[in-house]
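Written below as structure tokens is the structure these notes are about.
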């Protein structure tokens, strides 16, 4: 059970750190269109919601091997979000 709690914290911390990176990018690019960064933040929040929902589903089913898949999904999604942010500037 504690590994689930730690995984939720990992998700929260990593996605929260990405949102902070987006805010820092906005501060460093004051003339940029903020609609694109707002979409990135919305996408990040949707990813958070999706991952938490999947954790609850896995928890009900008792399939601990599915957490490995969720960790890979988190890593790939974060990489994609970082790539989108890098393309902005």
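Just so you know, all these numbers are worked out from the coordinates, no wet-lab data involved. Treat the numbers as computed from the prediction; the structure is a model and nothing was measured. As a convention, Cβ positions derive from the backbone with ideal geometry for all residues, glycine included, and neighbour counts pool all protein chains shown.
Can you find even one residue in the stretch 21-44 that is exposed (fewer than 14 other Cβ atoms within 10 Å of the Cβ) and within 19 Å of residue 5 (Cβ to Cβ)?
no
Return the residues of the stretch 54-81 that are loosely packed, with under 14 Cβ neighbours inside 10 Å and within 13 Å of the chain's Cα centre (by Cα); say none if nothing qualifies.
72, 75, 76, 79, 80
Considering only the stretch 57-74, I want to know if a residue exists there that is under 21 Å from residue 85 (Cα atoms), without any contact (Cβ under 8 Å) to a residue 40 or more places away in the chain and part of a helix (DSSP H, G or I).
Looking through the stretch 57-74, at least one residue is under 21 Å from residue 85 (Cα atoms), without any contact (Cβ under 8 Å) to a residue 40 or more places away in the chain and part of a helix (DSSP H, G or I).
Taking the stretch 17-53 as the region of interest, how many residues are free of Cβ contacts under 8 Å to residues at least 40 places away in the same chain and within 20 Å of residue 67 (Cα to Cα)?
8
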